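Working notes, structure below.
Please treat every number below as a calculation from the coordinates, not as lab data. The structure presented is a predicted model; accordingly, all values stated were derived computationally and were not measured. Glycine also receives a Cβ, built like all others from the backbone with ideal geometry; neighbour counts cover every protein chain displayed.
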Amino acid sequence: MILLWLECDANGVTEISLETVAFARSLSAAGGGIVIRAALFGDVPEAARDQLAAHGVDEVHHVTGSAYDAYSGAAWASALQDIRERTTCVVVAAAGSPRGNEVIAHLAARLDVPMAANVLSFSGLAPFEVTRQVAGGSALEDMRLPRRPALFTVAGHSWTATPADQRTTPVWHEESPAVAEADLIARVSARGEAKEDSSGALTSSRVVVGAGRGAGGPNGFGGVMELAEMLDGALGVSRVVTSLGWRPHHEQIGQTGSRISPELYIPCGISGAIQHWAGCSSSKTILAINTDAEAPMVTKAHYAVIGDMHEVVPAIVAELKRRAV
Ligand SMILES: Cc1cc2nc3c(=O)[nH]c(=O)nc-3n(C[C@H](O)[C@H](O)[C@H](O)COP(=O)(O)OP(=O)(O)OC[C@H]3O[C@@H](n4cnc5c(N)ncnc54)[C@H](O)[C@@H]3O)c2cc1C
């Protein structure tokens, strides 16, 4: 059996969690129809019920109770351990989100088995063999997970969140496993809206518009923000931008920022230093906008426009507006 930890937002199960379900369906088929169980914590939007059925989940463990109201990597891993022991699942996986990687890492430490983060594909079941992204997607690594359970996370946007060929009628289990006080030491105590939330969806957006030193200063982001909004995307920036205090750190892409893998990344005025590339190289398509035709970002990009971002970006915005009329 396969156990998945699925994350929800206000609209239901998140897209990268549904991508993880698609991965699990492929694994299930390769294993001759292995049962897929999902664990969800806390409030679950009504839409999630239909999504789980449409995406082929067989059984759902809905974990609630005061210990699980707020996110806690250790406590949630403890509950997953409890479920996995009762169900004897041989695989436990989650989306390769920051929390997905954290929870599965906690579980790996508890069970003393290795985990593979940011897996792209599997090539064998016994022993379980996967290919995963390392160094922010700039390299791939084949990894063997001979011990049970096999623990891993699935790299964002490496699978498509398509529904299953056949709907299921998931069996719901309402439960509240006991959790040790020690596992509740680190937990979310308060939540608030970020003052500027333009990059809240940086790691899950299908489009990311990036801006670097070429923005020229803290007031140079109007165009890229407008473009990001028009494309229903998020704004991401280079470290120079955050180090200079032009934009907040949570918008940074790279080795010491977020790793992104959108369908389209549009880096504007970003040179493409290796530390930035480590965070964006998994983007499906890169369209660089830069004044320097020799910049590493330009030479690595699929497409490039050589020009001043303060002229090129407004021109793209104007053209999108013209076509939208
Ligand atoms: C340990 C370590 C970790 C790091 N982690 C990260 C990280 O996580 N993320 C990260 O981004 N960096 C990181 N860095 C920094 C990295 O090495 C680079 O310094 C940084 O990415 C450069 O940012 P940039 O491309 O915006 O600036 P620059 O390298 O200065 O490049 C600016 C680019 O903008 C172009 N340009 C200038 N004006 C315009 C214009 N008007 N229109 C269009 N193009 C223009 C230039 O041609 C140039 O290519 C790290 C460095 C270290 C040492």
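Some notes on this structure:
- Residue-wise HN-Hα couplings along the stretch 66-73, as the Karplus relation 6.51 cos²θ - 1.76 cosθ + 1.60 with θ = phi - 60° gives them from phi, are 4, 5, 10, 4, 10, 4, 8, x Hz; Gly and Pro carry x.
- In sequence order, the stretch 216-221 has phi-based couplings of x, x, x, 9, x, 9 Hz under the Karplus curve 6.51 cos²θ - 1.76 cosθ + 1.60, θ = phi - 60°, and Gly or Pro positions carry x.
- Of all DSSP beta bridges in the chain, antiparallel share, percent nearest 5: 25
- Residues whose amide H falls under 5 Å from that of ALA295, counting only those 5 or more places apart or on a different chain, are absent, with hydrogens built in the peptide plane.
- Net charge contributed by nearby residues that have their C-beta within less than 14 Å of SER271 (K/R +1, D/E -1): +1
- Qualifying GluC sites (Glu not before Pro) in the stretch 286-325, where qualification requires a DSSP coil assignment and no more than 13 other C-beta atoms within 10 Å, comprise GLU294.
- Full extension of the chain between VAL113 and ARG323 yields a length gain of 70.2 nm, computed as 0.36 nm times the residue separation minus the alpha carbon distance.
- Annotation: the residues PHE152, PHE221, sorted from fewest to most other C-beta atoms within 10 Å of their own C-beta, follow the order PHE221, PHE152.
- Computed magnitude of the charge dipole of the chain (debye, nearest 20; Cβ of K, R +1, Cβ of D, E -1): 580
- The distance from the alpha carbon centre of the stretch 227-296 to that of the stretch 117-150 is 27 Å, rounded to a whole number.
- Cβ-defined net charge surrounding ARG167, 15 Å radius [Lys, Arg +1; Asp, Glu -1]: -2
- Simple rule: put +1 on each Lys or Arg Cβ and -1 on each Asp or Glu Cβ in the chain, find the dipole, and look at ALA105, PHE221, SER189; the Cα lying farthest toward the positive end is ALA105.
- Gained length - ALA190 relative to ALA54, 0.36 nm times residue gap less alpha-carbon distance: 45.6 nm
- The stretch 115-195: trypsin sites (Lys or Arg not before Pro) in DSSP coil with no more than 11 other Cβ atoms inside 10 Å: ARG191, LYS195
- Filtered GluC sites (Glu not before Pro), the stretch 223-289: DSSP coil and at most 16 other beta carbons within 10 Å: GLU263
- Size descriptors for the stretch 91-202 (Cα atoms only): Rg and Dmax, in that order, 17.0, 49 Å.
- Ellipticity at 222 nm from helices only: DSSP H runs of n ≥ 4 in the chain, each -39500 (n - 2.57), divided by the residue count, give -9000 deg cm²/dmol.
- Using alpha-carbon coordinates, inclination of helix 309-324 to the longest axis of the chain, degrees: 70
- Across the chain, the fraction of Cα-Cα pairs farther apart than 34 Å, rounded to a whole number, is 29%.
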